[in-house]
Amino acid sequence: MRIVLVDTNERLVQNWRNLMGNVSTARHSVLVMKGRLSILSGSQINKPAAVVSPGNSFGYLGGGFDLALREYFGGTKFEQYFREQLGDTYRTVGSTKVVPLNSWGRDGFEYIVYVPTVVAPSRPLFDAERPRETGFEPVFNAMWNALIHVPAGTQTLVIPGLCSGYAGVPLDISSKSMCFALRLYLIKNTISKDLQRVLILQFLGYNYAPFMDNDWEEECEAVGIDVRKLMKFDVANDSINEIMPII
Ligand code: ADP
Ligand code: NA
Ligand code: NA
């Protein structure tokens, strides 16, 4: 699968470039682009493609990246279709739903992966006093959910900044969580489930020994992770490079 990170925000895109580096694997590649959704061209989108909507809990498409989706796929008629597909109901921040585009699809896009990041855009999700719970964690969760719910066989997954607009999460926080989730996803089949679990727990700040049994410490050595650094990882201050396996 090709993962395309696209956003109009220059600083966010620069953060992605710094944090992603050259991380393509045999199965996946990553492309980082600055610009509007509509700049993506046929050569960057292989069919079937999906695009992530960092939406609101009711599926309105009136602002942010969702507005770009509405304009791209068919205006207010499309918005009506989209909300019907969501069951015209409340969907919680942190949930995920894959919406087929059916006849609304174009340019290879067949799905929207909807990961609501705000209930409504009237106030931000982010609270500077609780950056972990209202920033790092919800962004990681939205990104991880988008990646693991993408329909099997998807060739291209387009993702904008998550929580970096109306949700109000600072760019450094949003990009750090997005890139950690993506880098972990890219290597997820090359490390053990035990190490994957420890990395997620430590990134999110849940140092919980009962979930850290088994042989992950030895594996850390083999993949170039300093166990002590991993155990005292502080998401606000430490680089994700410190705890990413070198594979
Ligand atoms: P959230 O509610 O999760 O913050 P938004 O849709 O408000 O979601 O913003 C998500 C990201 O979408 C932001 O980083 C913003 O810069 C980006 N964005 C908004 N419109 C476009 C567009 N037309 N093309 C690309 N990126 C866009
Ligand atoms: Na949103
Ligand atoms: Na949005």
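Remarks
- Tensor-based shape of the stretch 111-247 (alpha-carbon gyration tensor, a/c under 1.5 rounded, otherwise prolate or oblate): oblate
- For S95 and Q14, the FRET efficiency from 1/(1 + (r/R0)^6), where r spans their Cβ atoms and R0 equals 25 Å, is about 0.25.
- 14 Å beta-carbon shell around V4, net charge (K/R +1, D/E -1): +3
- Positive minus negative residues near G108 (Lys, Arg vs Asp, Glu; Cβ under 15 Å): +1
- Shape call, the stretch 65-124: gyration tensor on alpha carbons, a/c limit 1.5: prolate
- Considering only Cα atoms, the convex hull volume of the stretch 13-84 works out to 132 Å³ per residue.
- Cut-off 18 Å, label 7 Å out along Cα→Cβ of N46, residues of the stretch 151-179 by amide N: 151-159
- Taking 0.36 nm per residue of sequence separation and removing the Cα-Cα distance, the A26/D127 pair yields an extension gain of 32.5 nm.
- Computed over neighbours whose Cβ is under 14 Å from that of S175, the net charge equals +2, Lys and Arg +1, Asp and Glu -1.
- Solvent-accessible surface (1.4 angstrom probe) belonging to C163, in square angstrom, nearest 10: 10
- Candidates E84, E137, E129, ranked by Gaussian network fluctuation over the chain, Cα under 10 Å, top entry: E129
- Per residue, the average separation of C-alpha pairs within less than 8 Å and at least 6 apart gives the chain a relative contact order of 21 percent.
- Rolling a 1.4 angstrom probe over the protein heavy atoms with all chains in place gives the stretch 191-246 an accessible area of 57 Å² per residue.
- Legend: residues T190, T156, sorted from most to least accessible area (1.4 Å probe; ligands, DNA and RNA excluded), read T190, T156.
- Only alpha carbons enter this Debye calculation for the chain, each as an equal point scatterer, and the log10 of I(q)/I(0) it gives at q = 0.09 Å⁻¹ is -0.38.
- Against the criterion of solvent-accessible heavy-atom surface with a 1.4 angstrom probe, S53, S95, S38 sort, most first, into S38, S95, S53.
- Percent accessible area from carbon and sulfur atoms, the chain, protein chains only, probe 1.4 Å: 48
- For the stretch 81-169, chymotrypsin sites (Phe, Trp or Tyr not before Pro) meeting the loop criterion (DSSP other than H, G, I, E, B) and having at most 12 other Cβ atoms within 10 Å: Y90.
- Couplings 3J(HN,Hα) of the stretch 110-115, computed from phi: 10, 9, 10, 9, 8, 10 Hz, in residue order, whole Hz [Karplus 6.51 cos²θ - 1.76 cosθ + 1.60, θ = phi - 60°; x for Gly and Pro].
- Put M231, M244 in order of accessible area, highest first, and with a 1.4 Å probe you get M231, M244.
- ³J(HN,Hα) computed for each position of the stretch 141-155 - Karplus, 6.51 cos²θ - 1.76 cosθ + 1.60, integer Hz, glycine/proline x: 4, 5, 5, 4, 4, 4, 5, 7, 9, 4, x, 4, x, 4, 8
- Projected onto planes of every orientation and averaged, the convex hull of the alpha-carbon atoms in the stretch 1-137 covers 9.1 nm².
- Helix 75-85 and the long axis of the chain differ in direction by around 60°, with both axes built from C-alpha atoms.
- Cross-link table K34/K193; K34/K97; K193/K232; K176/K229; K34/K232; K34/K77, entries beyond 23 Å C-alpha to C-alpha: K34/K193; K34/K97; K34/K232; K34/K77
- Rounded to the nearest 10 degrees, the inclination of helix 10-20 to the longest alpha-carbon principal axis of the chain is 40 degrees.
- The three principal axes of the C-alpha atoms in the stretch 191-246 carry coordinate ranges of 28, 25, 16 Å, sorted with the longest axis first.
- The H on the amide N of I3, modeled in the peptide plane, is under 5 Å from the matching H of S29, V30, L31, L157, each at least 5 residues off or on a different chain.
The values are calculated or read from the model by the stated rules, or taken from the named source; none is laboratory data. Values in this document were obtained by computation on a predicted structure and should not be read as measured data. Here the Cβ is made from the backbone with ideal geometry for all residues, glycine too, and neighbour counts use every protein chain on show. Side chains included, ligands, DNA and RNA excluded: accessible areas come from the protein's heavy atoms. Shrake-Rupley method; radii C 1.70, N 1.55, O 1.52, S 1.80 Å.
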